[in-house]
Amino acid sequence: MTMIEIEGLRKEYRRVRGGRTIAVDRLDLSVPEGGVFGFLGPNGAGKTTTIRCLLGLVRPSAGRLSLLGADVGHALPSVIGRVGSIVEAPAMFPRFSGRRNLEILAKIHGEGDAAIDASLERVGLRDRAKDPVRAYSLGMKQRLAIAATLLRDPSLLILDEPANGLDPAGIVEVRELLRSLGAEGRTIFVSSHILSEVQQTADRVAIVAKGRLIKAGPVNEVLATTGSRGVIVKLGDLEAGRRALADGEIPATIEAGAIRADVAADESERISRTLAQAGLYVTELRPDTVDLETVFLELTKDQGVGD
Amino acid sequence: MRLLRSEFLRARSRRVVPMLVVGGLIGIVIGLGIAAFYAHKPSAAQVASAQAQFQADYQRCLSGKYVGVNQAIDARYSSIEDVCSSAVTPDLDAIMLRDVEQILQHTATFVILLGALLGASLGGADWTSDTMGTLLTWEPRRVRVFLTRALAVGLFAIAITLFLQLAFAVVFWLVTALRGVTTFLPPHLFGDTLATMLRVSAMATAFALVAYVLAMIGRSTVSSLGVLFGYLILFEGVIAGFRQSVEGSLFVRAAIVVISREPILTEPRGFSGPGVPEPIVVMDVTKAWVVVVIYVLVLGAVSLVQFQRRDVT
């Protein structure tokens with residue numbers, strides 16, 4: 001089953017002083033059931049606008065969106081009970097306790113105290129449930145917002161920048177929570193501009209820039225977009241090492257105080273043996289891994305991201 | 001029904017609700033406490049003398065003295081007894097329980113302001129806290145959200161304003177029992193007082209709903225109160241004063257007519273015949289109710305349409 005289907009989404013905003021801003025431009029996206037789906041892009045890429053359109057908060061200028069097979073324009077109420085969501089910063093009444101905030105939401109769908117307790121327990125906030133939300137740290141507010149999404153036991157979670165503004169411990173907490181929720185069979189659609197963070201949790205990703213889809217697919221496929229990066233070798237005499245590798249028919253170049261051998265990572269043993277036979281001993285030997293950030297920058301270099 | 005329960009819990013949890021109730025109670029106690037402090041309980045002889053005078057005046061009134069021979073009774077009254085109960089008052093310098101209905105009419109302004117404050121606060125809170133988006137991701141049917149919240153605002157306004165008026169009446173009764181006079185009561189005092197309370201609460205609810213729909217349009221409590229009071233003061237208070245032709249369409253005038261049950265009358269222009277000219281009714285009680293309902297419904301419809309169509313960002 002496709003959990004999210006977006007076809008030709010376009011959203012324009014009129015500027016107060018005239019003219020228009022295109023936030024999302026002919027975006028197509030399909031999110032399959034299960035796992036964590038990363039929706040990546042820099043600030044201003046149109047991620048939040050897309051999520052707002054999906055949740056019926058913002059009316060698209062053009063395009064078709066569906067959630068859990070239901071058309072967002074007409075049938076959103078029929079599936080909203082199975083969707084948990086956080087849009088941008090977690091918005092709660094600051095003077096109410098965390099529990100009271102959840103009670104107000106829980107009553108809308110007839111959820112009782114048991115569901116509230118379970119949600120608070122799940123995010124580790126049960127002990128602080130009676131404190132006013134204004135006394136919560138940003139991480140606690142984020143966890144409370146996640147607790148709110150869990151009240152309905154959703155099959156789809158849409159989270160907009162859940163790690164935004166969190167300290168490293170908070171990021172780890174949210175990461176672990178997302179992993180465990182994904183492992184339960186729920187589909188997690190998480191937007192983020194922190195690419196390294198998503199790389200650690202997502203199974204599939206879509207990269208957007210300037211409102212357009214740049215690349216989508218399983219993380220490994222997207223990472224492979226830029227091709228193999230080779231193996232990094234460090235040793236005392238770099239030039240001697242490069243010559244030895246060339247004699248062994250291993251193409252190599254010297255870059256940034258190291259040798260980069262243009263072979264697959266599983267050829268490390270051959271590199272080590274070739275150098276040892278030439279009387280050279282490596283101090284470091286590792287695959288030249290590519291991360292989402294690198295892929296993202298390469299994919300978006302023609303889009304003018306960051307201009 | 002679930003959404004209404006949620007709205008009740010949300011409204012009940014707002015600080016403004018206990019603040020208004022407690023503030024209102026404190027105001028009642030302080031106001032009537034000051035009145036009690038400066039009042040003096042008349043002696044039994046003073047009361048007896050006033051009673052005798054009152055009975056005599058009342059009998060004279062029943063004989064038609066005050067309405068005049070063959071003159072029709074004002075439409076506000078159902079009988080000559082009603083006329084006399086209103087027209088004849090005891091000549092006694094004291095706080096009297098019989099005045100409670102009149103005092104409630106005079107304090108209606110505060111009750112209505114309280115209603116407006118409540119409506120603006122309950123309507124604007126979600127926008128100020130940015131929680132409207134959260135709410136709509138739980139209940140995307142905006143018409144339902146709008147109408148349910150309006151119902152909650154209305155019910156809260158009625159309940160709180162009625163409670164405070166009842167509290168006022170009880171404290172006033174205590175003050176008159178201790179420091180004033182509880183005799184000379186007109187025959188329908190209880191019913192009339194209750195009816196006045198209901199009319200005042202109805203008008204407070206109308207103002208609460210108007211403030212609520214303005215808060216939904218302006219997306220904040222402050223904008224709602226600013227627009228409401230700006231309109232009431234600048235337009236209805238100043239500009240409308242220069243154009244009497246619009247007087248029959250004004251919100252505040254209509255609320256006053258509903259509460260006091262006294263129509264707005266005006267002298268006919270260019271009257272030159274003999275005798276007293278028959279006054280023209282600018283706004284009677286029925287029209288006043290219609291004007292109030294139209295204000296609430298029209299503003300409500302505008303607010304609902306824009307809430308339905310505008311993006312929540």
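Among B:I103, A:I250, B:I30, which comes first, then next, by fewest other beta-carbon atoms within 10 Å? Mind showing how you got there, number by number?
Values: B:I103 18, A:I250 21, B:I30 10.
Least to most surrounded, the residues fall as B:I30, B:I103, A:I250.
Among B:Y212, B:Y38, B:Y58, the order by Cβ neighbours within 10 angstrom, fewest to most, reads B:Y38, B:Y58, B:Y212.
If you take the Cα Rg of chain B and divide it by 2.2 N^0.38 Å, with N the number of residues, what do you get?
Working: Rg = 23.2 Å, N = 313, 2.2 N^0.38 = 19.5 Å.
Taking N as the residue count of chain B, the ratio is 1.19.
Rounded, prolate or oblate: pick one for the stretch A:1-151, where a ≥ b ≥ c are the square roots of the eigenvalues of its C-alpha gyration tensor, a/c under 1.5 means rounded, and failing that, prolate if a/b is larger than b/c, else oblate. It is prolate, given that a/c is not under 1.5 and a/b is the larger ratio. Rounded to the nearest Hz, the phi-derived 3J(HN,Hα) couplings of the stretch A:249-264 under the Karplus curve 6.51 cos²θ - 1.76 cosθ + 1.60 (θ = phi - 60°) are 6, 10, x, 8, 9, 9, 9, 6, x, 7, 9, 10, 8, 8, 9, 5, where x marks glycine and proline. Relative to the longest principal axis of the Cα atoms of chain B, the long axis of helix B:2-13 lies at roughly 70 degrees.
Which of A:I207, B:I217 comes first, and how do the rest follow, when ranked by fewest Cβ neighbours within 10 Å? Show your work: numbers first, answer last.
Working: A:I207 24, B:I217 20.
Lowest to highest Cβ neighbour count: B:I217, A:I207.
Compared with the direct C-alpha span, the chain from A:D167 to A:T253 gains 27.0 nm at full extension, assuming 0.36 nm per residue. Can you grab the distance from the C-alpha centre of the stretch A:166-207 to the C-alpha centre of the stretch A:1-73, Å, no decimals? With the stretch A:166-207 and the stretch A:1-73 each reduced to a Cα centre, they are spaced 20 Å.
Straight-distance candidates among the aspartates and glutamates for linking to B:K65, with alpha-carbon spacing under 17 Å and chain neighbours fewer than 8 residues away dropped: B:D57, B:D74, B:E81, B:D82. Could you work out the relative contact order of chain B, using alpha carbon pairs under 8 angstrom and six or more residues apart, expressed as a whole percent? This gives 22 percent for chain B. Amide H contacts of A:E88 (H built 1.01 Å from N, in plane; Pro and chain starts excluded): A:D160 sit under 5 Å, all sequence-distant by 5 or more or on other chains. By the Cβ distance rule (another cysteine Cβ under 4.7 Å), the unpaired cysteines of the protein assembly as shown are A:C53. Coupling constants for the stretch B:288-298 follow from the phi torsions by the Karplus curve (6.51 cos²θ - 1.76 cosθ + 1.60, θ = phi - 60°), and in residue order they are 4, 4, 4, 4, 4, 5, 4, 4, 5, 5, 5 Hz; glycine and proline get x.
No lab work stands behind these numbers, since they all come straight from the coordinates. Predicted model, so just to flag it, every value in this text is computed and none were measured. Using ideal geometry, Cβ is built from the backbone for each residue, glycine included, and neighbour counts are taken over all protein chains shown.
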